[in-house]
Amino acid sequence: MRCYTKEQCEQWLESRGRKKPDEETGLAKTSEKLEDLRAFTLAQWISGNLTYRSSVLLWITEWGIWPSSENWHLYYTLREINQDKRLLNEAPGHLFLPHEMEEFATVLQLSILNGWGGYILTDANYVNAFFSHDEFIDFYASEDANLATVRHWLQPAK
């Protein structure tokens, strides 16, 4: 895991000719309430199915909204393992390489459990997501057909 500043996250998107998915027009979208899904199962599924064995940028944009659910000690322990001692507000982006998908799933799970929100931006750009502190996750794709796998996986959770 490499931690990125907000500016580095923006540059990562710009270098790929992209915007945050909720800022793009014409994208297909499907949403789900997070309370109906288990954070561990969801994080594992996303890391194994939406990244297509490519890099993924987890960009945290919301935190501090539900302080009683935040485990800062665990979060900063994970950052320290990667030799990054900056605060979340200093470097809210987390770039995971293809061989770091287990670590991505762990940090995503913790982010959801902490009541945070942010973007899951895959290098493959097949399906991307925004998860909210309001316990929703929105999946975005340039083609509605790309969301078929997501909808199929979500269906049993309803």
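Listed values, structure above:
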{"quantity": "Per-residue [θ]222 nm for the chain (sum of -39500 (n - 2.57) over DSSP H runs n ≥ 4, rounded to 500)", "calculated": "-9500 deg cm²/dmol"}
{"quantity": "Volume of the Cα convex hull of the chain, divided per residue and given in Å³", "calculated": "102"}
{"quantity": "Residue with peak Gaussian network fluctuation, the chain [Cα springs, cutoff 10 Å], from Ala145, Ala129, Ala28", "calculated": "Ala145"}
{"quantity": "Charge dipole magnitude, Cβ of K and R +1, D and E -1 - the chain, Cα centre, debye nearest 20", "calculated": "220"}
{"quantity": "Under 17 Å between alpha carbons - lysine pairs in segment 1-137 that sit 8 or more apart or on different chains", "calculated": "5"}
{"quantity": "Length-normalised contact order for segment 2-157 - Cα pairs under 8 Å, 6+ apart - percent", "calculated": "37"}
{"quantity": "Likely footprinting exposure, Lys29, Lys20, fewest C-beta neighbours within 10 Å first", "calculated": "Lys29, Lys20"}
{"quantity": "Residues Tyr52 and Phe136, FRET efficiency given R0 of 35 Å [Cβ-Cβ distance, rounded to 0.05]", "calculated": "0.90"}
{"quantity": "For segment 1-52, size of Cβ-based charge dipole, Lys and Arg +1, Asp and Glu -1, in debye", "calculated": "160"}
{"quantity": "Charge context of Glu62, other residues only, Cβ under 14 angstrom, K/R +1, D/E -1", "calculated": "-3"}
{"quantity": "Sum of side-chain charges, Leu97 neighbourhood, beta-carbon under 12 Å (Lys, Arg +1; Asp, Glu -1)", "calculated": "-2"}
{"quantity": "For segment 75-119 and segment 30-48, distance of Cα centres in Å", "calculated": "17"}
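Values quoted throughout were computed directly from the atomic coordinates according to the rules given, and no laboratory measurement underlies them. What you see is a predicted model; the values in this text were computed from it and never measured. All Cβ positions, even for glycine, are placed from backbone atoms using ideal geometry, and neighbour counts span all protein chains on display.
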